[in-house]
Amino acid sequence: MIIAQQKPVKDIAAMISDCNKVLFVGCAGCVTVCLAGGEKETEILASSLRIMRKLEHKPIETVTFTATRQCDPEYIVALDNMVQEVDAIVSLACGVGVQYLAERFKDKWVVPALDTKFIGGATEHGVWEEKCGLCGDCVLHLTGGICPIIRCSKSILNGPCGGSQYGKCEISKDVDCAWQLIYDRMTALGKLDKLMEIQPPKDWTKSRDGGPRRAVREDVMIG
Amino acid sequence: MKTESKLQQILDNGQFGVTAEIGPPKHSSSEGMRHHAHMLKEHVDATNITDNQTAIVRLSSIAAGVHILDSGIEPIVQMTCRDRNRIAMQSDLMGAYSLGMRNVLCLSGDHQKFGNHPTSKNVYDVDSMQLIQLLRRMRDEKKFFSGEEIKEHEPRFFIGAVANPFADPFEYRVARLEKKVEAGAEFIQTQCIFDMERFERFMEMVRARGIDERVHILAGVTPLKGWRAAKYIQNNVSGMIVPEELVQRLKNAEDPKKEGVDICIEQIKYIKENIKGVHGVHIMAIAWEEVVPEIVERSGLYPRPKVN
Ligand code: SF4
Ligand code: SF4
């Protein structure tokens, strides 16, 4: 899923400092699971801003709503009436949700409350880790199910580099070396010989380097 | 394949090679490098020129190569994968060849986190393994990396790579070295050796796989100026091992600098006499280039063979 984290409240406050009535829109998708922009976080953020503005003697009126998914036009239609009265919309979704709102509500000031960070998952409660770099051409079958693109600091395909020591990456003792993990797992699987194949350079056109991407499934398109 | 590299000639002749390292400056004058090159020229067969080492911006390694060449030493141009994509790499390689450079050393490069622009982007479009293949393709197949033909004047470098016996996973380091040889590396320089016992174990495995017969391995050595330097490397540099007894020996020395040089000479002699499969030494006297001639002489590696 997408992992996001809330921006500092003062930064969000600055984005809407000249607004009197603001709609806060949460999302029940990924950002609910990573505790950044669900219903609960939406209520808390709205009330924090109300308190803040009250203390500044510039009270603000807030409206809150949590969409099933902000990255789906179907679910933001429900906002059509709510947005009429407000000066701005604060989205607590990932960057996709923010853009969907901005696209639909053309005359509204739409701002992000979150920093969208990466694709990953939780390793324990309150800790999330990046797992996929969205390269568009998955190589996990070559690397024992451990992603060298995003989990190796150099995205090396024929690692590990000379900086790998005691299982850690050269950039920090807190970062596991992906290639040590790959080596360990391939050893355990009895597939170490696979690592002797020299992996060719990647075709990055399938990644963001090929320009904005689109996925088309003609068989499911309607009309 | 024979190239015009003098280093290759020496190594292929079975002579024990000696290389050193010159780090370009953080400014635009060639004076210091020329000074160092003049100092080293009778004592080494070739000298590496580092490529924005530790991700600190320095004068270009290829431009530095021109000054080094001009001062009478054969340069080994280092090329990391951190700062250039495959387009820039091939362009720079042809440029370097046109300027008279004949040796290239392929490396991953330190992460930019360690340098003076830690917020920059890193490239790693190709990795060091793939860079070796790229050089081979240009030279042996007369093709750009994409497969497009190089009609004439393909760059014909003697191709080097690095190996780090002190990084992990230890056993896989030997396999990865073999992988580099498969990719086309013709000479290998190792990371600085302080832990001789580990290096011996590494070389044992190298010989067991017959790798030493397919590639020229130059053992990396570094004279240390004192125990603080040793301790720093021990604690802070990923992929290096400094045994505690070495730190203590420097700590107890009356003249630590002399001790550092003595240790380095002992290491070279030991490697040359006792470790089979090593074809030379690579002396990395970091910010201490002036000590190299003494090390070479006292190690019995002077004079250097003459080649034309
Ligand atoms: S190889 Fe590519 S698609 Fe697969 S996990 Fe890594 S970045 Fe994601
Ligand atoms: S130490 Fe490991 S994870 Fe870090 S850059 Fe090198 S190979 Fe990649």
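The values are calculated or read from the model by the stated rules, or taken from the named source; none is laboratory data. Since this is a predicted model, take the numbers as computed values, not measurements. Cβ placement follows ideal geometry from the backbone for every residue including glycine, while neighbour counts extend to all protein chains displayed. Each accessible area value is taken on the protein alone, full model and side chains, heavy atoms only, with ligands, DNA and RNA left out. Shrake-Rupley method; radii C 1.70, N 1.55, O 1.52, S 1.80 Å.
Taking 20 Å as the straight-line reach from the Cα of residue A:106, the lysines in range (excluding those fewer than 8 positions away in the same chain) are A:21. With one equal scatterer per alpha carbon and no solvent term, the Debye-computed log10 I(q)/I(0) for the stretch A:133-210 at 0.27 1/Å reads -1.33.
Rounded to the nearest 500, the helix-only mean residue ellipticity at 222 nm of chain A stands at -7000 deg cm²/dmol, with each DSSP H run of n ≥ 4 adding -39,500 (n - 2.57). Computed over neighbours whose Cβ is under 9 Å from that of residue A:60, the net charge equals +4, Lys and Arg +1, Asp and Glu -1.
Ligands, DNA and RNA left out, the accessible area of chain A computed with a 1.4 Å probe is 55% carbon and sulfur. Size check on chain B: the Cα extents along the three principal axes, sorted descending, read 61, 46, 44 Å. Residue B:67 exposes around 40 Å² of accessible area when a 1.4 Å probe is run over every protein chain in place. Given axes a ≥ b ≥ c from the Cα gyration tensor, I'd like to know whether the stretch A:2-118 is rounded (a/c under 1.5), prolate (a/b larger than b/c) or oblate. Here the stretch A:2-118 falls in the oblate category. When A:125, B:282 are compared by accessible area at a 1.4 angstrom probe, the order from most to least is A:125, B:282.
Model label sites at residue A:217 and residue B:308, defined 7 Å from Cα along the beta-carbon direction, differ in position by 7.2 nm.
Ligands, DNA and RNA excluded, the heavy atoms of residue B:259 present near 40 Å² of accessible surface to a 1.4 Å solvent probe.
Per-residue mean of foreign Cβ neighbours for B:130-141 is 1 (Cβ atoms of other chains, 10 Å radius). For a paramagnetic label modelled on residue B:266 (point 7 Å from Cα along Cα→Cβ), amide N atoms under 12 Å away are absent within the stretch B:209-226.
Can you give me the orientation-averaged projected area of the convex hull built on the Cα atoms of chain A, in nm²? Present the calculation step by step, with values, prior to reporting the outcome.
Details: hull surface 65.8 nm².
Dividing the Cα hull surface by four gives the mean projection, 16.5 nm².
Taking 27 Å as the limit for the C-alpha separation, the pairs A:7/B:121; A:154/B:225; A:7/A:40 exceed it in the case of A:154/B:225.
Taking all protein chains together and a 1.4 Å probe, the residues A:139, B:292, A:216 rank A:216, A:139, B:292 from largest to smallest accessible area. Counted by Cβ distance under 13 Å from residue B:138, the other residues give a net charge of +1, where Lys and Arg count +1 and Asp and Glu count -1.
Of the listed residues B:38, B:43, B:153, the order by accessible area with a 1.4 Å probe, largest first, is B:153, B:38, B:43. On the beta carbon distance between residue B:207 and residue A:117, with R0 = 45 Å, the FRET formula returns roughly 0.40. Once you've got the GNM for chain A with C-alpha springs shorter than 10 Å, pick whichever of A:36, A:28, A:93 has the biggest mean-square fluctuation. Of A:36, A:28, A:93, the Gaussian network model singles out A:28 as fluctuating most. The A and B chains share an interface that buries close to 2700 Å² of accessible area, total over both sides, probe 1.4 Å.
Taking only Cα atoms, what is the 0 to 90° angle, nearest 10, from helix B:31-40's long axis to the longest principal axis of chain B? Helix B:31-40 sits at roughly 70 degrees to that axis.
Exposure check, 1.4 Å probe, all protein chains in place: residue B:1 carries approximately 110 Å² of accessible surface. So which of B:41/B:257; A:173/A:206; B:6/B:143; A:173/B:276; B:151/B:180; B:276/B:306 end up more than 30 Å apart, counting from Cα to Cα? Those over the limit are A:173/A:206; A:173/B:276.
Please work out how much length the chain gains when fully extended from residue A:172 to residue A:109, using 0.36 nm per residue of separation minus the C-alpha to C-alpha distance, in nm with one decimal. Can you show the working numbers first?
Values: separation 63, 0.36 × 63 = 22.68 nm, distance 4.05 nm.
Here the segment from residue A:172 to residue A:109 would lengthen by 18.6 nm.
Only Cα sites of the protein assembly as shown enter the Debye sum here, all with the same form factor; the resulting log10 I(q)/I(0) across q = 0.08, 0.10 1/Å is -0.64, -0.86, listed in q order.
Once you keep just the Cα pairs under 8 angstrom separated by 6 or more residues, what percentage relative contact order results for chain A? Write out the running numbers ahead of the final one.
Numbers: 349 pairs, mean separation 38.2, N = 223.
In percent, rounded to a whole number, it is 17.
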